[in-house]
Amino acid sequence: MNRLSLVQTAAAIIAAAVTPVPQKQPPNLVLNGSLEQGTNSPLGWDMLPTDGSIRWVRSGGNPGGCIVFTMSRSVAEGPGMLYYSDFFPVTSGRKYVFSVDIKTDGPVPRPFVKGYALAPDVHGKIERRPFYQRQSPFSATDEWQTFTMTFTPKVIPAYRGRYDIQWARVMLYAYLNPGKIYFDNVSVRESPPEDDVPSPDGE
């Protein structure tokens, strides 16, 4: 082997040694977060209302299917509009990353992640009840954008030690202005240790 070949071989070995190995992305905990699967309603999400205010369209997303809210002024300025994913498992106190693609021609997006624990209702029936929520601070435009925040599900201090968050749901939500708003590519993934995506209030 000549001198040039030795130098090239050594350089290749050094480059291989310092090149970071790509880390496998944690799985998406939201079933059908891409909104591509389903029949009359998207798989893994609530049934759609019959009045057409919330629609699942097969094209126009980022790309493919997406959820579209069509909001009147009375709804936008009143209760707003919401749409839930199915429950998915989470671990209390563990950090997660929530991500969603949004575009809007008026309505303001404020999607939530809500956490649930097994607890008795007012009649003593044990069921999944909400003990945690994190609201997003996203400001969307009429172009598709990806928004991300971290969250750490845990019950409020008064209930710690009695209940643990075991499940969560994404609640797509918009309000304030009438018009149409689009949601696509919804994901919740366990956060890698080095993740530093800011959360609205640090939790």
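Readers should treat all values here as calculations from the given coordinates under stated rules, not as data from a laboratory. Computed from a predicted structure; not experimentally measured. No Cβ is skipped: glycine too gets one built from the backbone with ideal geometry, and neighbour counts run over all protein chains shown.
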Charged-residue dipole, Cβ positions (Lys, Arg, Asp, Glu), segment 61-203 about Cα centre, Debye nearest 20: 600
Quote the FRET efficiency, to the nearest 0.05, computed for Ser59 versus Asp121 with a Förster distance R0 of 41 Å and r equal to the Cβ-Cβ distance. 0.45
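Summarise the long-distance tail of P(r) for segment 25-190 by giving the % of C-alpha pairs beyond 25 Å. Provide the component values of the computation, followed by the final result.
Details: 4466 of 13695 pairs.
So the portion of pairs separated by more than 25 Å is 33 percent.
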Going 7 Å from the Cα of Thr146 in the Cα-to-Cβ direction, what parts of segment 74-114 have a backbone nitrogen less than 13 Å from that spot? 98-102
Given the Cα-Cα distance of Glu36 and Arg129 and 0.36 nm per residue of separation, how much length would full extension add, in nm? 30.6 nm
Excluding same-chain residues fewer than 8 positions from Lys125, which lysines have a Cα within less than 25 Å of its Cα? Lys114, Lys154
Reach of Lys24 by Cα under 22 Å, taken over lysines that are not fewer than 8 positions away in the same chain: Lys95
Along the Cα→Cβ direction, 7 angstrom out, place labels at Tyr84 and Thr50. What is the inter-label distance in nm? 2.0
Determine the dipole magnitude for segment 30-141: charges of +1 sit on the beta-carbon of Lys and Arg, -1 on that of Asp and Glu, nothing else is charged, the reference point is the Cα centre, and the result goes in debye to the nearest 20. 340
